[in-house]
Amino acid sequence: MNGDGLLDSCIPPTYCTGAPNSSGNGGSIVALGSPELALNNLTLSATGLPMFQWSYFLMSQNQTSVPNFGGSQGVLCVGAPIVRFNMPGTGQIDQTSVAGERSYTLDFTNLPQAIVFQPGDTWNFQLWFRDLNPGATSNTTDGVTVMFR
């Protein structure tokens with residue numbers, strides 16, 4: 001990053017504010033690990049979520065900001081076309097924890113819809129989750145942007 005020949009640590013930027021959910025917070029997402037494709041080591045981690053609610057991650061190369069999309073209480077931060085990590089039996093669909101957290105480690109060799117990340121590609125990620133706020137609805141976190149290398 002700074003040209004000194006050493007790998008620098010950085011946290012990918014977030015964008016698009018998550019709406020408040022039944023936990024009283026707005027959900028937030030970070031990308032942990034490395035965007036280095038050869039390392040295949042990137043985990044999406046979301047916090048500020050309601051407990052024990054079903055969820056899955058979304059990704060897109062485009063950004064948007066659509067409040068209350070599809071009748072939800074959230075803000076859609078990833079633009080069309082949207083790729084969903086929602087294959088049953090893979091751990092992609094899971095409940096949030098008692099601490100209101102959810103994480104998922106991407107496998108760059110087995111992405112949904114046969115997507116293949118390339119060096120220089122920028123992808124945006126967001127978590128979609130069920131919410132009881134006060135009735136049954138859905139919500140989302142903010143978005144995070146990752147440029148792969």
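The values are calculated or read from the model by the stated rules, or taken from the named source; none is laboratory data. All values reported here derive from a predicted model rather than from experimental measurement. Side chains are part of the model used for accessible areas, which takes the heavy atoms of the whole protein and leaves out ligands, DNA and RNA. Shrake-Rupley method; radii C 1.70, N 1.55, O 1.52, S 1.80 Å.
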So who's got an amide H within less than 5 Å of the one on L42, skipping anything under 5 residues away but keeping other chains? H placed 1.01 Å off N, in plane.
S34, L106
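Over region 36-97, what relative contact order in percent results from Cα pairs under 8 Å that are six or more residues apart? Walk me through the intermediate numbers first.
On the way: 78 pairs, mean separation 23.3, N = 62.
Normalised by residue count, the contact order of region 36-97 is 38 percent.
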Over the chain, average the accessible area per residue using a 1.4 Å probe and give it in Å², no decimals.
51
So what are the ³J(HN,Hα) numbers for region 64-80, from phi and the Karplus equation (6.51, -1.76, 1.60; θ = phi - 60°), rounded to whole Hz, Gly and Pro as x?
8, 8, 10, x, 6, 4, x, x, 6, 9, x, 10, 6, 9, 9, x, 5
